[in-house]
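*Asks:* The following block contains the structure, expressed as structure tokens.
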Amino acid sequence: MKKLLNYIKTKSDKRSFFLDDRIVDYITENSSETDLIQKSLIEETAKLGWVARMQISPDQGNLLTMLVKAVQPKFAVEIGTFTGFSALSIARALPANATLLCCDISESWTEIAKNHWKAAGVEQKINLVLAPALETLEKLPEEKSIDFAFIDADKANYINYYEQVFKRLSDNGIIVVDNVLWSGSVIDNRVNDEDTVAIRNFNEHVKNDNRAFCAMLSIGDGVSIIQKKG
């Protein structure tokens with residue numbers, strides 16, 4: 001448990017968890033604990049080095065699971081799968097007849113994901129497509145078929161992903177978007193790299209979207225939860 005806490009804190013300190021280490025520990029210790037499969041996935045991802053920071057935090061995983069349980073989607077989409085922790089969190093909460101479409105381009109990272117999905121018994125719910133996500137989304141029927149979506153991929157395309165999902169979003173569907181605080185860089189005017197600017201533009205785009213209702217949360221690296229206005 002201590003090893004897991006230290007890994008989580010290392011991630012958090014480098015991202016936007018503006019919390020005392022003791023608070024981070026307290027949150028982790030008083031939330032539903034990660035199981036052996038999740039711990040294995042966290043540890044195997046950590047071996048990849050600095051890119052392990054792309055993995056969502058366990059509390060974000062808990063949030064995804066709870067949202068999916070509440071929405072009970074028939075069709076869910078994930079844009080950016082990495083090593084599969086978020087997909088595992090989503091798939092475990094899906095109804096028996098539901099499908100999760102995972103969009104990614106890395107065969108090596110998603111191989112780690114597939115091994116853990118199989119161990120968790122959720123691989124039959126997941127359709128992994130290795131191709132640019134925009135191409136995959138554009139091939140979907142233009143109907144309100146997406147009940148839940150998680151966006152956590154290249155930041156330059158966040159607005160494009162959002163628009164492709166939104167026009168296919170069911171009336172009660174939810175879009176969850178990761179990294180919307182980007183380690184706090186979004187409020188630092190001295191930081192103007194491509195990714196930071198893209199996230200600022202995305203946040204502004206959603207704020208000005210009259211079709212959408214958005215709640216931005218400071219969990220992990222910042223998460224926006226978006227629904228269509230009623």
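*Asks:* Considering segment 142-198 alone, what residues qualify as being on the phi > 0 side of the Ramachandran plot and not aromatic (Phe, Trp, Tyr)? Can you show your working first?
*Replies:* First pass over segment 142-198, keeping only residues on the phi > 0 side of the Ramachandran plot: 179, 182-184.
Correct list: 179, 183, 184.
*Asks:* Among the residues of segment 57-77, is there at least one that is in contact with a helix residue (DSSP H, G or I) (Cβ under 7 Å, 6 or more places away or on another chain), at pLDDT 85 or above and of a type in the set (S, T, N, Q)? Outline the logic, then answer.
*Replies:* Applying the first criterion (in contact with a helix residue (DSSP H, G or I) (Cβ under 7 Å, 6 or more places away or on another chain)) to segment 57-77 yields 57-59, 61, 64-65, 68, 76-77.
From what's left, at pLDDT 85 or above: 57-59, 61, 64-65, 68, 76-77.
Still in the list and also of a type in the set (S, T, N, Q): 57, 65.
Yes, there is a match, as at least one residue in segment 57-77 is in contact with a helix residue (DSSP H, G or I) (Cβ under 7 Å, 6 or more places away or on another chain), at pLDDT 85 or above and of a type in the set (S, T, N, Q).
*Asks:* Restricting to segment 172-203, count the residues that are of a type in the set (Lys, Arg) and assigned to a helix (DSSP H, G or I). Break it down stepwise before answering.
*Replies:* We begin by selecting, within segment 172-203, every residue of a type in the set (Lys, Arg); these are 190, 200.
Checking the rest, the ones that are also assigned to a helix (DSSP H, G or I) come to 200.
Number of matching residues: 1.
*Asks:* Inspect all residues belonging to segment 203-225 and state whether any of them is farther than 21 Å from residue 68 by Cβ and among the aromatic types (Phe, Trp, Tyr).
*Replies:* no
*Asks:* How do the pairs read when you match residues in segment 148-171 that are in a loop (DSSP other than H, G, I, E, B) with residues anywhere that are among the polar types (S, T, N, Q), using Cβ under 9 Å and keeping only pairs 6 or more apart or on different chains?
*Replies:* 152/81; 152/86; 152/179; 153/81; 168/145
*Asks:* Just to be sure before I move on: is residue 42 β-branched (Val, Ile, Thr) and in contact with a Gly (Cβ under 8 Å, 6 or more places away or on another chain) in the structure I sent? Reasoning before the result, please.
*Replies:* Values: β-branched (Val, Ile, Thr): yes; in contact with a Gly (Cβ under 8 Å, 6 or more places away or on another chain): no.
Considered against the rule, which asks whether it is β-branched (Val, Ile, Thr) and in contact with a Gly (Cβ under 8 Å, 6 or more places away or on another chain), residue 42 comes out as no.
The values are calculated or read from the model by the stated rules, or taken from the named source; none is laboratory data. The shown structure was predicted, so the numbers you read here are calculated from the model rather than taken from an experiment. Ideal geometry is used to build each Cβ from the backbone, glycine not excepted, and the neighbour counts take in all protein chains shown.
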